[in-house]
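Novice: Let me begin by handing over the structure; questions about it come next.
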Amino acid sequence: MGFWREPQKTWLRRAIFQIHLWSGIAVGLYIILISLSGSAVVFRREIVATLNVPRVAPTVQHMSEEELRKAVMAAYPGYDIEPLTIPRRRLSPAEVTVIRGGVRKERRFNPFTGEDMGAQRPLSVSLVEWAVDLHDNLLLSMQTGRRVNAIGGIVVTILCLTGVTIWWRGSGTWYLGLYFNPRTGWKRINFDLHSALGFWSLAILLVWGVSGIYFGFPEPFLAVIDYFGPPELAGNAQRQGDAFVAWLVRMHFGRYGGLGVRITYVIIGLIPPAIFITGAIMWWNRVVRRWRADTPRNHPATFTPPAPTPISDSLG
């Protein structure tokens, strides 16, 4: 009953607070990186489809492959042509790679006129794909990057579970963690923002954390699914485990609903950095500043490192 009514006075809450505090400090910059890159690539399919496959203006008919090769050689004299791909779609450009002296160029050509239409991978598309690789694999190999992300997912899950425990202020004042009062002082506003943002985004952040673990370490998930469902039905929607994993993936990427859902995901992706920043401000004010004030330089004979003060116990 003590935790239910006055959690701030219990040892359990103080222990959970320490786990939450140091976990947040350990992965704070990682959370900012993964959240912002996630928001940046929500519309990656639409962006790539728009920027990466320009349409051509048709005339009467496609040039023959020989005619198109002559047009490429005229544009790049002295180069050797490697693959030349004639598109199946009438309004898509042809793709060709030319090489000379170790210099490699991947270009697009209009299959009706032989006009050079630019690089196969424009800079804008390369930037989008770079952001996707940063979010998915941290610019590492797929296996290594996703396993690092899985570890990050474990820590995010721990932050969610410990955070909602710390968020509980007691049976009489629990509702204060749902909002902030803009008329209070900046320290109270910062504290209430941290609390409210964490609560209202808890569900999706927990989904992102668990799905991140699945992407890096799918084997334990699949083992559990096989244990509770016949392995010969793997991938079948009749198994609840497979349906859950499919739901988890859709929720992670926002592959449901329409434009409104994806816009919402972009906005939600900005919340974890805000939570980290507000938490870091509280940590700085209550731990670092007090520690600096009590350094041996200021109190050489009586210095004792201060213990961190639980965030929700005071605002000083």
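Rule-based calculations on the coordinates, nothing more; no lab input. Note that this is a predicted model, so its numbers are computed, not measured. Glycine gets a Cβ as well: all are built from the backbone with ideal geometry, and neighbour counts include every protein chain shown.
Novice: Return the lysines within reach of K70: Cα separation strictly under 30 angstrom, same-chain partners fewer than 8 residues apart disregarded; answer none if there are no such residues.
Specialist: The qualifying lysines are K105.
Novice: Can you tell me the length gained on complete extension of the stretch R250 to I277, counting 0.36 nm per residue apart and subtracting the Cα distance?
Specialist: On the way: separation 27, 0.36 × 27 = 9.72 nm, distance 2.84 nm.
Result: 6.9 nm gained on full extension.
Novice: Evaluate the Kirkwood expression for the hydrodynamic radius of the chain, namely the inverse of the mean inverse distance over all pairs of different C-alpha atoms, and round to one decimal in Å.
Specialist: 24.1
Novice: At a Cα cut-off below 29 Å, give the lysines reachable from K187, other chains included and same-chain residues fewer than 8 away excluded.
Specialist: Leaving aside lysines fewer than 8 places away in the same chain, those within reach of K187 are K9.
Novice: Given springs between every Cα pair under 10 Å in a Gaussian network model of the chain, which of W200, W208, W186 has the largest fluctuation?
Specialist: Comparing W200, W208, W186 in the GNM, the peak value goes to W186.
Novice: What is the ratio of the Cα radius of gyration of region 57-111 to 2.2 N^0.38 Å, where N is its residue count, to two decimals?
Specialist: 1.13
Novice: Could you run the Karplus curve 6.51 cos²θ - 1.76 cosθ + 1.60 with θ = phi - 60° over region 130-142 and give me ³J(HN,Hα) per residue in whole Hz, x for Gly and Pro?
Specialist: 5, 5, 5, 5, 4, 5, 6, 10, 6, 6, 9, 5, 4
Novice: OK, next. Can you tell me how much longer the chain between K105 and V288 gets when fully stretched, taken as 0.36 nm per residue apart minus their C-alpha distance, in nm with one decimal? Write out the running numbers ahead of the final one.
Specialist: Details: separation 183, 0.36 × 183 = 65.88 nm, distance 5.36 nm.
Net length gain for the segment: 60.5 nm.
Novice: A further question follows. Rounded to whole Å and sorted largest first, what semi-axes of the equivalent ellipsoid does the C-alpha gyration tensor of region 224-283 yield via the square root of 5 times each eigenvalue? Intermediate results must be reported in sequence, preceding the final value.
Specialist: Values: eigenvalues 245, 61, 5 Å².
So the equivalent ellipsoid measures 35, 18, 5 Å along its semi-axes.
Novice: What residues have an amide H closer than 5 Å to that of F112, excluding those fewer than 5 places away on the same chain, when H is modeled at 1.01 Å from N in the peptide plane?
Specialist: Sorted by chain and number, the residues that satisfy this are M63.
Novice: Within the set of other residues whose C-beta is less than 9 Å from the C-beta of G114, count the net charge using Lys and Arg as +1 and Asp and Glu as -1.
Specialist: Summing Lys and Arg as +1 and Asp and Glu as -1 gives -2.
Novice: Find the percent of Cα-Cα distances in region 1-157 that exceed 25 Å, and round it to a whole number. Working shown, then result.
Specialist: Numbers: 6859 of 12246 pairs.
The proportion of pairs with Cα distances above 25 Å equals 56 percent.
Novice: Next up: Test of understanding: what is the full-extension gain from Q143 to L91, defined as 0.36 nm times their sequence separation minus their Cα-Cα distance?
Specialist: Contour length minus the Cα-Cα distance gives 15.0 nm.
Novice: Take the alpha carbon atoms of region 70-180, find their radius of gyration, then divide it by 2.2 N^0.38 Å using N residues; give the quotient.
Specialist: That ratio works out to 1.97.
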